Amino acid sequence: MLSKVCSAAVNGIEAFPVEVEVNAGWGDTIVVIVGLPDAAVKESRDRVSTAITNSGFKFPMGRTTINLAPADVKKEGPSFDLPIAIGMLAASEQFESDQLDNFVMVGELALTGAVRSVKGVLPIAIRTRESGITGMLVPAENAAEAAVVQGLNVIPICNLREAVGFLEGQTRIAPKRVDIGQIFSQPREEEIDFADVKGQESVKRALEIAAAGGHNVLLIGPPGTGKSMLAKRMPSILPPLTLDEALETTKIHSIAGLLSAGQALVTHRPFRSPHHTISDAGLLGGGVNPAPGEISIAHHGVLFLDELPEFKRNVLETLRQPLEEGHVTISRAAGTMTFPSQFMLVAAMNPTPDGKMPHESRSSPREIQNYLGRISGPLLDRIDLHVEVPAVKFQQIATAQPGEPSVAIRERVVKARLRQNERFAGRARVSCNARMGSRELKNHCALDEATMELLKFAMTDMNLSARAYDRILKVARTIADLAGSERITSEHVSEAIQFRSLDRQLWT
């Protein structure tokens, strides 16, 4: 007898439907899986057979052929265990149901018959709704994640027998419901706050500008000045995620297997801090079965690279395209995948190889130049703000007065972002000042004659590139937004020029 069960798989960050066809025939008892299965799918034969037996059902005798259609796309992971088991039981006439066409099923089976969580349930739920199917059978731990998609009846399944009972109509299981408004209304519990940072007011100002415009920032200073401390507090002053941003971020975290059990949405902006020994595949994504890298997991959040010159140069150079385009494309023999990567880069580095300021360092000028040369000019051009982080004075450390809290800074950042949202309404590609293209720069960054002369002098004196010119205009536009000004003045441009420290070659 032949049975068909609806399932789905993930390719990149998007899902595609998979039809699980099971045919129970005569002959020697054997299970054959076709349709380009990977090793994890092939191993499902042993998991499913044991789970069926331990759940009180009979393992089908004879030749069982399982086809995963479409047959020309590779199938990966253990998420087909549940639909394969249901298909085998239906094909061997151990239960009858007219509901198989009404539900998409995913889930890994334990040997006991329990259903375990799998990756990528949210993109599968979105694809299910788009295909017109209104129901899903998912592991109980993934139910909240799938229920975020409105219009789906998400049935949480704990074990194989429970799934069969529900499809037969003998077991009633209430669909999982998630209140998205309640998830977003939960107060933020910040473990770290800018109030903990004493001194460094100029650096806080620079980070506020970076957060307000979505700009990349490089912190330069000796060890112990608080560079990492400041960077880790960046998410606390960024605007809250919108629903669309949260869904896109959650899709990536779901595919990467980073959602905790029962978590419905990622509601806070991610913060990723990979070690400097990371490979280019770990940073960009890739592998035999391409998976999102750190820059995609940091999508709509912060990617912090501490000790920037210690990263391999070829790894840093791979950042250039994602920083410019907001996505990364990975090409392999099996196909091409595109992952979003609109992150905010925060990097930190010492000014010299021994960590001291240039006038105190024992390193020679050539050694300092070689150290800075580990970071290419094109990559520096893509970092909008170069911020010097000086040593904190004793009076600032000893004071009992806390600094300005993150809540107060975030309020100003949100107001600046609202101005940008109004300015770029209808342009999906541009979400903040840092993402402006040449057309937006021309329309929204006009300068008067005196301000243009100031910028011309700075460009000539500092020998800046055309890309650095654009960065100065974008930062100046953000400073004007924070000040509530529609016009960019010379004061705004002057402050933006100050954030090009490495262009001024202070250390050489």
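Some points to look at:
- Condition check for Gln182: part of a helix (DSSP H, G or I), loosely packed, with under 15 Cβ neighbours inside 10 Å and either at pLDDT 85 or above or within 30 Å of the chain's Cα centre (by Cα) (or both): yes
- When the helices (runs of 4 or more DSSP H) confined to the stretch 208-305 are screened for residues that are of a type in the set (Gly, Ala, Ser) and more than 20 Å from Gln342 (Cα to Cα), those reaching at least 1 such residues are found at 227-232.
- Criterion violated by Glu162 - all others in (1) within 30 Å of Lys58 (Cα to Cα); (2) under 26 Å from the mean Cα position of the chain (by Cα); (3) assigned to a helix (DSSP H, G or I) satisfied: (2)
- For the stretch 484-502, the set of residues classified as of a type in the set (Gly, Ala, Ser) and outside any helix (DSSP H, G or I) consists of Gly484, Ser485, Ser501, listed by residue number.
- Residue within the stretch 236-253 that is surrounded by fewer than 17 Cβ atoms within 10 Å (Cβ to Cβ) and free of Cβ contacts under 8 Å to residues at least 24 places away in the same chain present: yes
- Tabulated pairs, the stretch 121-139, first closer than 21 Å to Leu109 by Cα and touching a residue at least 60 places away in the same chain (Cβ under 8 Å), second acidic (Asp, Glu) and open to solvent by 30 Å² or more (accessible area, probe 1.4 Å), C-beta under 7 angstrom, 6+ apart or interchain: Pro123/Glu14
- Residue list for the stretch 130-141, restricted to those being open to solvent by 10 Å² or more (accessible area, probe 1.4 Å) and more than 16 Å from Ile13 (Cβ to Cβ): Ser131, Gly132, Ile133, Thr134, Ala140, Glu141
- Identity of the residue in the stretch 142-175, farther than 18 Å from Ser254 by Cα and of a type in the set (D, E, K, R), that ends up most open to solvent (accessible area, probe 1.4 Å): Arg172
- Subset tally (residues that are open to solvent by less than 10 Å² (accessible area, probe 1.4 Å) and under 11 Å from Val392 (Cβ atoms)) for the stretch 200-224: 2
- Residue ID - surrounded by the most Cβ atoms within 10 Å (Cβ to Cβ), chosen from residues in the stretch 330-363 that are polar (S, T, N, Q), free of Cβ contacts under 8 Å to residues at least 60 places away in the same chain and more than 19 Å from His300 (Cβ to Cβ): Ser361
- Every residue from the stretch 466-483 that is free of Cβ contacts under 8 Å to residues at least 60 places away in the same chain, under 16 Å from Gln420 (Cβ atoms) and either not in a helix (DSSP H, G or I) or not aliphatic (A, V, I, L, M) (or both): Ala483
- Leading residue by the ranking (nearest to Asn54 (Cα to Cα)) among those in the stretch 95-117 that are assigned to a loop (DSSP other than H, G, I, E, B) and open to solvent by less than 20 Å² (accessible area, probe 1.4 Å): Gly113
- Single condition Ala450 does not satisfy, out of (1) closer than 18 Å to Ser490 by Cβ; (2) in contact with an Asp or Glu (Cβ under 6 Å, 6 or more places away or on another chain); (3) assigned to a helix (DSSP H, G or I): (2)
- Any chance Arg272 is surrounded by 16 or more Cβ atoms within 10 Å (Cβ to Cβ), at pLDDT 95 or above and closer than 30 Å to Arg467 by Cα: yes
- All positions within the stretch 148-163 that are more than 13 Å from Leu259 (Cβ to Cβ) and of a type in the set (A, V, I, L, M, F, W, C): Val149, Leu152, Val154, Ile155, Ile157, Cys158, Leu160, Ala163
- Within the stretch 364-404, the set of residues being modelled with pLDDT of 85 or more, surrounded by fewer than 18 Cβ atoms within 10 Å (Cβ to Cβ), in contact with a Pro (Cβ under 7 Å, 6 or more places away or on another chain) and in a loop (DSSP other than H, G, I, E, B) comprises just one member, Arg374.
The values are calculated or read from the model by the stated rules, or taken from the named source; none is laboratory data. Keep in mind that what you see is a predicted model, and the values were worked out from it rather than measured. Methodologically, a virtual Cβ is constructed for each residue, glycine included, from the backbone with ideal geometry; neighbour enumeration extends over all protein chains shown. Calculation scope for accessible area: heavy atoms of the full protein, side chains included, ligands and nucleic acids excluded. Shrake-Rupley method; radii C 1.70, N 1.55, O 1.52, S 1.80 Å.
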